[in-house]
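First up is the structure itself, then whatever we jot down about it.
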């Protein structure tokens, strides 16, 4: 089985290292891209590209998306699809070993440790020769609150 590996630049702990890495890859890093890097560095939780655009005065949305794509290529951020909403982005060091659950009823987002899914991952590898990359998607279901509310509404019927 072939695994695609990205060259990893690490987290934004050292912004100069990220800038150097982008330049090493042949990309220019001017004021706008530096502002985007600083805005991403300030994020301590997951964010959408739209939220990042809103936090940056005068930076075009396309520039933000292109920069996020570059940061993902070098391993500084990753994006995750949370059900039907926009993708979220996380700094790789902040997200660490987290995986994501999304309630299909209320949209609640729950981050859980990767180890919660270890048994399923091992089963998929052993029984199906399939290596799961759970970092790119969320598991969709219903949260406890919505399940309880559904039970209450059915009892009242």
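Just so it is clear, none of the values below were taken in a lab; they were calculated from the coordinates. A quick note: this is a predicted structure, and the numbers were derived from the prediction, not measured. Quick reminder, even Gly has a Cβ in these numbers, built from the backbone with ideal geometry, and neighbours come from all protein chains shown.
Quick notes on this structure:
- Amide N of region 98-126 lying under 15 Å from the label point, which is placed 7 angstrom from the Cα of residue 139 along Cα→Cβ: 98-104, 109-125
- Taking the average, over residues, of other Cβ atoms within 10 Å as the packing measure, peptides 57-63, 75-81 rank 75-81, 57-63 from highest down.
- When 71, 101 are arranged by Cβ crowding within 10 Å, least crowded first, meaning fewest neighbours, the order is 101, 71.
- Each of 92, 32, 67, 123 was scored by other Cβ atoms within 10 Å of its Cβ. Arranged with the fewest first, they read 123, 32, 92, 67.
- Residue order, fewest to most beta carbons within 10 Å, for 47, 130: 130, 47
- Note on region 35-151: antiparallel DSSP beta bridges, both residues inside, total approximately 70 percent of the bridges counted.
- Percent RCO, i.e. relative contact order, over region 70-130, from Cα pairs under 8 Å lying at least 6 residues apart: 19
- Extension reserve of the residue 73-residue 34 stretch, reckoned as 0.36 nm per residue once the Cα distance is removed: 12.4 nm
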